[in-house]
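The block underneath contains the structure these notes are about, expressed in structure tokens.
The values are calculated or read from the model by the stated rules, or taken from the named source; none is laboratory data. None of these values were measured; they are calculated from a predicted model. Neighbour counts are summed over all protein chains in view; Cβ atoms, including those assigned to glycine, are modelled from backbone coordinates with ideal geometry. Only protein heavy atoms, including side chains, enter the accessible area calculation; ligands, DNA and RNA are left aside. Shrake-Rupley method; radii C 1.70, N 1.55, O 1.52, S 1.80 Å.
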Amino acid sequence: MRLMRALVTGGPASSWTVAEVPAPAVAPDEVLVEVAAAGLNRADLLMREGSYVPSGADWNVPLERVGFEMAGRVRSAGARVTGFPPGRYVMAQTGGACAELVAVDHRLLLNVPASLAPASAAGLPSALLTEYDALTGAAEFRPGDRVLVTGGAGGVGHIGVRLARALGASTVVATSRSQAKTGFLREAGATHVVDTSATGIASALGPDAFDVCLDHLGGAVLADLLGAAAPGARIVQIGRLAGDRARLDLELLAARRLRLIGTTFRGRTAGELHALVAHLRQDLPHLLGTHGVTPAVDSLFDLAEAERAAERLTRPGLMGKVVLRIA
Ligand SMILES: NC(=O)c1ccc[n+]([C@@H]2O[C@H](COP(=O)([O-])OP(=O)(O)OC[C@H]3O[C@@H](n4cnc5c(N)ncnc54)[C@H](OP(=O)(O)O)[C@@H]3O)[C@@H](O)[C@H]2O)c1
């Protein structure tokens, strides 16, 4: 049996260790990818705490494996795959991505331009799929809409800011609890930044300030931001870093005819994921090339430094993505 190095959860306090595990076999619809780098996500931390169990069709490895996204080069392809020759540079949201090799259904792969470094490409798939799906699907975004992104400096949020600008938002307001992140958010494309350590969102913006919100925080932040929504605004609830319970003003929700839409990749079928990737593939060259919807890499670690990388994910100064170098 062929072995490879992979990051796995185990040992004291569910720490991460690099282990020798069986290399994946390639099914007829799959492509074997030599992973160059893998992005880390909040969900990786939640998985090792035991509070998140992935169940989407993009997780096809044992649950002790770590990682949701990667970039690398095609080594070989299954019998039913065309269009992914050996050496092709690709990225994907796929389970167990922090490993030397992953087997990925070809309908989940996205092509990467040579100009994008592996560290940047590896940190893109999850954030881009999340925000693209939230904006173009759940929120029915239209060019000219005004967009609010909470937690805008995060690994997912800053891609939401860039994507909203690229798709033609007229304004993009981003929130952060740190004034020090204003420059980073402006560079990402925010037209206005709300420092939530100093003010609430509704009091800073007033009513009728946004048509679409990508909310990565939930809790009291969600309750507050309703006061800044325009009539008919669509609020996509993506993450709950500020709390998974909220006391909402339902009179306001009704009076402004707001739509609150939850989303997750958990439980998504293969068909749903393939359709989302197919949709994104049409826009991808334009988004990456013309608009530079690529991630800021906050920090890059070797696979053996995964624990330090995990710690970095929880640090207040985080701006963009934490990435592991695999090859
Ligand atoms: N639904 C889905 O399909 C999906 C997919 C991917 C991710 N997610 C979720 O989306 C959320 C954001 O992910 P991410 O990778 O962007 O996280 P991240 O990189 O950790 O960044 C989130 C940002 O939120 C702010 N924040 C953190 N804790 C906060 C708190 N208690 N109160 C207020 N603000 C807080 C921080 O910004 P400041 O320090 O600048 O305030 C942080 O930079 C996570 O909950 C993640 O699990 C959901």
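Consider G239 against the criteria (1) open to solvent by less than 40 Å² (accessible area, probe 1.4 Å); (2) away from the ligand (no atom under 11 Å from the Cβ); (3) touching a strand residue (DSSP E or B) at 6+ places or on another chain (Cβ under 9 Å): it satisfies all of them except one. Which criterion is unmet?
The one condition G239 does not meet is (2).
Test each condition in (1) among the polar types (S, T, N, Q); (2) modelled with pLDDT of 95 or more; (3) more than 25 Å from K181 (Cβ to Cβ) for T290 and report the one that comes out false.
Status for T290: all satisfied but (2).
Suppose we filter segment 64-86 for residues that are touching a residue at least 40 places away in the same chain (Cβ under 8 Å) and in a loop (DSSP other than H, G, I, E, B); how many remain?
Residues that pass the stated criteria total 9.
Which of (1) polar (S, T, N, Q); (2) closer than 25 Å to L313 by Cα; (3) modelled with pLDDT of 95 or more is the odd one out, the single condition S55 does not satisfy?
The one condition S55 does not meet is (3).
All but one of (1) out of contact with any Gly (no Cβ under 9 Å at 6 or more places or on another chain); (2) more than 16 Å from the ligand (Cβ to nearest atom); (3) of a type outside the set (F, W, Y); (4) within 23 Å of G56 (Cα to Cα) hold for G96; which doesn't?
Just one mismatch for G96, condition (1).
In segment 113-142, which residues are near the ligand (Cβ under 9 Å from one of its atoms), more than 18 Å from R312 (Cβ to Cβ) and open to solvent by less than 20 Å² (accessible area, probe 1.4 Å)?
Scanning segment 113-142 gives L129, E131, A134.
Condition check: in the same structural domain as E20 (by TED's automatic domain parsing), more than 16 Å from the ligand (Cβ to nearest atom) and surrounded by fewer than 24 Cβ atoms within 10 Å (Cβ to Cβ). Does D145 satisfy that?
No; evaluated as a whole, the condition is false for this residue.
Could you list, ordered by first residue, the pairs with Cβ atoms under 6 Å in which the first is in segment 139-165 and closer than 14 Å to R186 by Cα and the second is part of a helix (DSSP H, G or I) and among the charged types (D, E, K, R), at least 6 apart or interchain?
Cβ pairs passing all conditions: A153/K181; I159/E131; G160/E131; L163/E131.
Is it true that some residue in segment 168-183 is more than 30 Å from T290 (Cβ to Cβ), loosely packed, with under 13 Cβ neighbours inside 10 Å and basic (K, R)?
Scanning segment 168-183 turns up no residue that is more than 30 Å from T290 (Cβ to Cβ), loosely packed, with under 13 Cβ neighbours inside 10 Å and basic (K, R).
I'm checking my understanding of the structure. Among residues of segment 244-271 that are without any contact (Cβ under 8 Å) to a residue 40 or more places away in the chain and within 15 Å of the ligand (Cβ to nearest atom), which one is nearest to the chain's Cα centre (by Cα)?
Ranking the candidates gives T264 first.
So in segment 157-167, with the set limited to residues that are buried (at least 24 other Cβ atoms within 10 Å of the Cβ) and among the aliphatic types (A, V, I, L, M), which one is nearest to the ligand (Cβ to nearest atom)?
In this case the residue turns out to be I159.
Go through segment 218-234 and count every residue that is away from the ligand (no atom under 15 Å from the Cβ) and not in a strand (DSSP E or B).
Number satisfying all stated conditions: 3.
Quick check on my filter: what residues within segment 168-194 are in contact with a Leu (Cβ under 7 Å, 6 or more places away or on another chain) and either at pLDDT below 95 or near the ligand (Cβ under 8 Å from one of its atoms) (or both)?
S176 - this is the single residue of segment 168-194 that is in contact with a Leu (Cβ under 7 Å, 6 or more places away or on another chain) and either at pLDDT below 95 or near the ligand (Cβ under 8 Å from one of its atoms) (or both).
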